[in-house]
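J.: Take this structure first; my questions come after.
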Amino acid sequence: MFDAVVLGGGYAGLAAARHLVQGGARCLLLEASDGLGGAGRCGTVAGESVEWFYHHIKPQDIHLLELIAGMGLEDSLLWRETFMAFYLEQRLYPFSRPLDLLRFAPFTLADKLRFCAGMLSSRFTQSQDLAGVSAKEWIVRHWGQSVYRKMMAPMMRNKFGIPPERVCAGFLHGRIKGLSATKAKGVGGEMLGYLDGGLDRLARRLGRDLQQGAELLLEAPVTALERTREGYLVHGGGRSHAAKVVVNTLPLNYFARLPVNFSFESRVKYQGAACALMALDRPLELPYWTNILEPGFSFKVVVNQSRLGRHRANLVYCAAYLPDDHSLITAPPQQVRDTYLQDLRAMAGPVELIDCLVTQSPVATPVFDVDYRQQTHDLQSRLSGVFFAGNATIYPHSRTLSSVIGSGQRAATMALERLAAVARAA
Ligand SMILES: Cc1cc2nc3c(=O)[nH]c(=O)nc-3n(C[C@H](O)[C@H](O)[C@H](O)COP(=O)(O)OP(=O)(O)OC[C@H]3O[C@@H](n4cnc5c(N)ncnc54)[C@H](O)[C@@H]3O)c2cc1C
């Protein structure tokens, strides 16, 4: 019998398993795919190993940076000052420095003043105080109706995929605060990091390290979960595994399908993402990050990866968060590639594709609805002996590798406390 079984081998699961092993637990990790790292995994494009979804690291990503250092990869971190822009009215508007705001033609002078006032007021707000408040209400109050309509509403639609009146203001506030914290010298571009060679290097080292103390099973999807007198029976990878406690990092809608002899319900909805990593025949004159505000574009962000990493190829991501049943989530990958390439050419001029890696996920992120806290406040106490980590548990913090690593460590700590209590009672 295992002390703990961890469901899922993304960064939340890896961090949880590592913490459990360090705490002396006999641990098994079950992962459905053929590799570790989850949404942070890499694929091969133009002969290079690169994340299939764009991934940058922020200086405040403490849990991730500690893990990178712990795995001896600190020297492989590249830090760059990066810039962002908006694309609308068929034009690129840089938007990183104070002067960019002055030159931002879609805004009137009044909009520019309201924008500054909004940013300032968000500094003095705590994300926790905004539970139950809609992002629209909060933005209109502090930034004004015009800034909301011209910039914030289309951005929120792009990012969250639900109407801004349903987006939780606390989550949006967490993201805005996260952004200002990475500003180089307070006013310039954002200082962002990248692990040279790709995050798979970190996942592989973590996997090797974990194998010293835990059992890792790949291509072992968990199919069912049964409650027993001693804990749980986890069915996965064609076998059944008895465990005293379980740490779940799977999306809650996936987890809700597992119980056999008990029930678990979740109201948390998920949003998908369709992302194409393209190797192009020429570099693009785009900053690292371009938000697409132009209506009718199939992708909503262009990430010029060559501005962040050290790559031989000219690498660019085109991506969009979309409803989980959107045609671009369910379409064959070449359809995503062709649709995105057509829009990229409309934006950046003639480009040829050398290679392309398309990744589609129906569960890229929970939908951080206005009543998200309500939906999840009792998560850790709903099932005795099951501890939750991952994307669904990080509210109101930004959805990052670092925050899910922190969540994995916290879930493992709770699991270890439970194991200790069970041992004391025996
Ligand atoms: C488009 C995009 C861009 C992002 N950019 C950044 C960024 O720049 N910086 C950053 O820090 N973060 C970024 N993130 C967020 C980051 O990737 C996630 O927060 C993180 O990877 C979530 O980790 P996790 O372990 O909670 O979940 P996941 O990584 O989703 O891991 C869950 C694991 O469970 C496995 N699984 C699913 N079903 C089963 C089953 N039945 N049995 C067993 N295993 C199963 C999956 O295969 C997966 O490996 C981005 C995410 C996306 C989608």
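The values are calculated or read from the model by the stated rules, or taken from the named source; none is laboratory data. None of these values were measured; they are calculated from a predicted model. Positions of Cβ are generated from backbone atoms using ideal geometry, with glycine treated the same way; all protein chains shown enter the neighbour counts.
J.: Quick test of your reading of the structure: Leu315 fulfils all but one of (1) modelled with pLDDT under 95; (2) in a strand (DSSP E or B). Name the failing condition by number.
T.: (1)
J.: Over 24 Å from Gly24 (Cβ atoms), small (Gly, Ala, Ser), touching a residue at least 60 places away in the same chain (Cβ under 8 Å) and within 13 Å of the ligand (Cβ to nearest atom): which single residue out of Ala274, Ala224, Ala256 fits that description?
T.: Result: Ala274 is the single residue among Ala274, Ala224, Ala256 that is over 24 Å from Gly24 (Cβ atoms), small (Gly, Ala, Ser), touching a residue at least 60 places away in the same chain (Cβ under 8 Å) and within 13 Å of the ligand (Cβ to nearest atom).
J.: On to the next question. When the stretch 195-229 is examined, which residues are found to be among the hydrophobic types (A, V, I, L, M, F, W, C), within 30 Å of Arg80 (Cβ to Cβ) and assigned to a helix (DSSP H, G or I)? Working first, answer last.
T.: Step one: filter the stretch 195-229 for residues among the hydrophobic types (A, V, I, L, M, F, W, C), giving 195, 199, 202-203, 206, 210, 214, 216-218, 220, 222, 224-225.
Restricting the remaining residues to those that are within 30 Å of Arg80 (Cβ to Cβ) gives 195, 199, 202-203, 206.
Within the stretch 195-229, Leu202, Ala203, Leu206 qualify.
J.: Go over the candidates Leu7, Leu88, Leu99, Leu20 one by one and state the one that is within 14 Å of the ligand (Cβ to nearest atom) and either surrounded by fewer than 22 Cβ atoms within 10 Å (Cβ to Cβ) or not hydroxyl-bearing (Ser, Thr, Tyr) (or both). Spell out how you get there, then give the answer.
T.: Details: Leu88 fails: within 14 Å of the ligand (Cβ to nearest atom); Leu99 fails: within 14 Å of the ligand (Cβ to nearest atom); Leu20 fails: within 14 Å of the ligand (Cβ to nearest atom).
Of Leu7, Leu88, Leu99, Leu20, the one residue that is within 14 Å of the ligand (Cβ to nearest atom) and either surrounded by fewer than 22 Cβ atoms within 10 Å (Cβ to Cβ) or not hydroxyl-bearing (Ser, Thr, Tyr) (or both) is Leu7.
J.: A further question on this structure: For residues that are in a loop (DSSP other than H, G, I, E, B) and crowded, with 17+ Cβ neighbours inside 10 Å, scanning just the stretch 230-246, find the one that is modelled with the lowest pLDDT.
T.: In this case the residue turns out to be Gly237.
J.: Of the residues in the stretch 357-387, how many are assigned to a helix (DSSP H, G or I) and free of Cβ contacts under 8 Å to residues at least 12 places away in the same chain?
T.: Going through the stretch 357-387 one residue at a time, the tally reaches 1.
J.: Could you grab me the full set of residues in the stretch 393-413 that are within 8 Å of the ligand (Cβ to nearest atom) and assigned to a helix (DSSP H, G or I)?
T.: Hits for the stretch 393-413 are Leu401, Ser402, Ser403, Val404, Ser407, Gly408.
J.: Further question: Picking from Gly178, Gly132, Gly174, which residue would you name as being at pLDDT below 85 and in contact with a Pro (Cβ under 9 Å, 6 or more places away or on another chain)?
T.: Exactly one of Gly178, Gly132, Gly174 is at pLDDT below 85 and in contact with a Pro (Cβ under 9 Å, 6 or more places away or on another chain), namely Gly174.
J.: Tally the residues that are of a type in the set (A, V, I, L, M), surrounded by 23 or more Cβ atoms within 10 Å (Cβ to Cβ) and near the ligand (Cβ under 6 Å from one of its atoms), restricting the search to the stretch 26-38.
T.: Residues that pass the stated criteria total 1.
J.: Something else: Out of all the residues in the stretch 367-383, is one or more within 13 Å of the ligand (Cβ to nearest atom), at pLDDT 95 or above and crowded, with 19+ Cβ neighbours inside 10 Å?
T.: no
J.: Let me ask another. Starting from the stretch 1-23, take each residue that is farther than 14 Å from Val222 by Cβ and without any contact (Cβ under 8 Å) to a residue 60 or more places away in the chain and list its partners that are assigned to a helix (DSSP H, G or I) and more than 11 Å from the ligand (Cβ to nearest atom), counting only C-beta distances under 6 angstrom and pairs at least six apart or across chains.
T.: That search, which allows pairs on different chains as well, returns nothing.
J.: Run Ile162 past the list (1) at negative phi; (2) surrounded by fewer than 15 Cβ atoms within 10 Å (Cβ to Cβ); (3) part of a loop (DSSP other than H, G, I, E, B); (4) touching a residue at least 24 places away in the same chain (Cβ under 8 Å) and report the number of the one that doesn't hold.
T.: Among (1) at negative phi; (2) surrounded by fewer than 15 Cβ atoms within 10 Å (Cβ to Cβ); (3) part of a loop (DSSP other than H, G, I, E, B); (4) touching a residue at least 24 places away in the same chain (Cβ under 8 Å), the lone unmet condition for Ile162 is (2).
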